[in-house]
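One structure is given below, represented as structure tokens, and several questions about it will come after.
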Amino acid sequence: MPETDHPLFVTLKVEDRTVLQNVVSQYSTIESDIKMISIVDPSREDVNSLSVDVSDVTEKQWEALEVAHELGHYSTQRGGNLTDIADALGISKSAASQRLRAAEGKIMSAILGAARIRGREAV
């Protein structure tokens, strides 16, 4: 894979384990660096996973989220206030707040949208 390319993550929905075995068998013959990350069986009651598309979050918004997380902004015992985050990013407190709110809004919309879709598929 060229250095400028980013990996792609693909989610498949298959009807049963036999189909999954065929898919795995086929992709294992391809000369590429393909790795299976996870298999989820939604019929199990203890499984509660959700895939969300967060591709709308910009690079600067991701950076703000990462800094906020590293500083403990999202911890139960909250750390990393907006001033700390802004200082770490080298931007104004207002700009830090805007980036975080925009990113959080996009992520929440993606989560809630995916949950709605998942709820319709379960019916």
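Of these, Val54, Val40, Val123, which one is in contact with a Ser or Thr (Cβ under 6 Å, 6 or more places away or on another chain) and either modelled with pLDDT under 95 or exposed (fewer than 14 other Cβ atoms within 10 Å of the Cβ) (or both)?
Val40
Next question. What is the one condition in (1) surrounded by 13 or more Cβ atoms within 10 Å (Cβ to Cβ); (2) modelled with pLDDT of 95 or more that Gly72 does not satisfy?
(2)
Could you list, in sequence order, the residues of the range 48-70 that are part of a helix (DSSP H, G or I) and among the hydroxyl-bearing types (Ser, Thr, Tyr)?
none
Same structure, new question: Here is a list: Arg78, Arg116, Arg99. Which entry is under 28 Å from Leu12 (Cβ atoms) and of a type in the set (Lys, Arg)?
None of the others qualify; the one that does is Arg116.
The values are calculated or read from the model by the stated rules, or taken from the named source; none is laboratory data. Bear in mind that the values here come from a model prediction, so they are computed numbers and not experimental data. Because the Cβ atoms are built from the backbone with ideal geometry, glycine has one as well, and the counts that use them run over all protein chains shown.
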